[in-house]
Amino acid sequence: MSTPPRSSPLALTVLALLHFQPLHPYGIQRLIKQWGKDQVVNVGQRASLYRTIDRLLAADLVTVRETGRDQQYPERTVYELTDAGRSAMRVWLEEMLAAPKQEFPQFPAALSFVLMLAPQEALDVLEQRAAVLARTLDAHDRSLAEQREVHGLPRVTRLEDEYLRAMTAAELDWIRGVTDDLRSGRLSWTFEELTAFARSTGQQAPAGRTPSKPDADLR
């Protein structure tokens, strides 16, 4: 067998869906959307799904079951899970559930430099984000209610939606606290204060070391 591909949310999703039944790529994409998994895996471009299936096929984690054609559809290849794929799926699933992964999302990176804005500017953009999060939270509530009351989906199939709702609610609560502090002046800064701080910390040498002379090219 070839070296197994690295785990990814989409690869795990493909293996998990094939665990239930053989499927062609269109069927996989359709189930991802019907089950609401497009909230946690990106299948906006079908090409990414095909690339993932090709990698799983090359690693012998899936295999071709049949290739068929009828009058309504072009030729379709149906894939099924191999024993190696079933084992890999379990390993990936347990690792993803048990071990938090160090990720680098955009928002915390931007927050680390929100000081580049004036306090009022920061307040304006964070209030915009809070409004988007509030709408997202409402959408999560509607989706969970619909899945439960209309589709009758068991709770275990909706845990990722519960998680996303909880994370959205927590972020919204935190941002509202920050915007309250900005609005009241409890959180404030000036460019001059930050510039002085940056210059003073930039000139400090680590303990036990003597500052070296600046390079002439960097003056």
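The values are calculated or read from the model by the stated rules, or taken from the named source; none is laboratory data. Model, not experiment: these values are computed from the prediction. Using ideal geometry, Cβ is built from the backbone for each residue, glycine included, and neighbour counts are taken over all protein chains shown.
For Pro105, work out the one condition from (1) modelled with pLDDT of 90 or more; (2) surrounded by 10 or more Cβ atoms within 10 Å (Cβ to Cβ); (3) farther than 23 Å from Leu153 by Cβ; (4) not small (Gly, Ala, Ser) it doesn't fulfil.
The failed condition is (2).
Can you spot a residue in region 35-55 that is surrounded by 14 or more Cβ atoms within 10 Å (Cβ to Cβ), touching a strand residue (DSSP E or B) at 6+ places or on another chain (Cβ under 9 Å), touching a residue at least 60 places away in the same chain (Cβ under 8 Å) and not polar (S, T, N, Q)?
No: zero hits.
With the structure loaded, tell me whether Leu182 is touching a residue at least 24 places away in the same chain (Cβ under 8 Å) and closer than 18 Å to Glu127 by Cα or whether it fails that test.
yes
Could you say which residue among Asp124, Asp180 is at pLDDT 90 or above and surrounded by fewer than 13 Cβ atoms within 10 Å (Cβ to Cβ)?
Asp180
If you take the residues of region 15-34 that are touching a Gly at 6+ places or on another chain (Cβ under 9 Å) and crowded, with 18+ Cβ neighbours inside 10 Å, which of them is nearest to Ala84 (Cα to Cα)?
The residue in question is Leu15.
Here is a list of conditions, (1) at pLDDT 95 or above; (2) assigned to a loop (DSSP other than H, G, I, E, B), and Glu171 meets all of them except one; can you say which number that is?
(2)
Please go through region 100-136 and give me each residue that is polar (S, T, N, Q) and either more than 30 Å from Glu162 (Cβ to Cβ) or in contact with a strand residue (DSSP E or B) (Cβ under 6 Å, 6 or more places away or on another chain) (or both), ordered by number.
Hit for region 100-136 is Gln120, nothing else.
For every residue, the table says whether it meets (1) at pLDDT 95 or above; (2) within 19 Å of the chain's Cα centre (by Cα); (3) of a type outside the set (D, E, K, R).
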{"position": "Ser7", "(1), (2), (3)": "no, yes, yes"}
{"position": "Gln29", "(1), (2), (3)": "no, yes, yes"}
{"position": "Lys33", "(1), (2), (3)": "no, yes, no"}
{"position": "Val40", "(1), (2), (3)": "no, yes, yes"}
{"position": "Gly44", "(1), (2), (3)": "no, yes, yes"}
{"position": "Leu56", "(1), (2), (3)": "yes, no, yes"}
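Counting just the residues of region 21-60 that are β-branched (Val, Ile, Thr) and in a helix (DSSP H, G or I), which one comes out nearest to Glu160 (Cα to Cα)?
Selected residue: Ile32.
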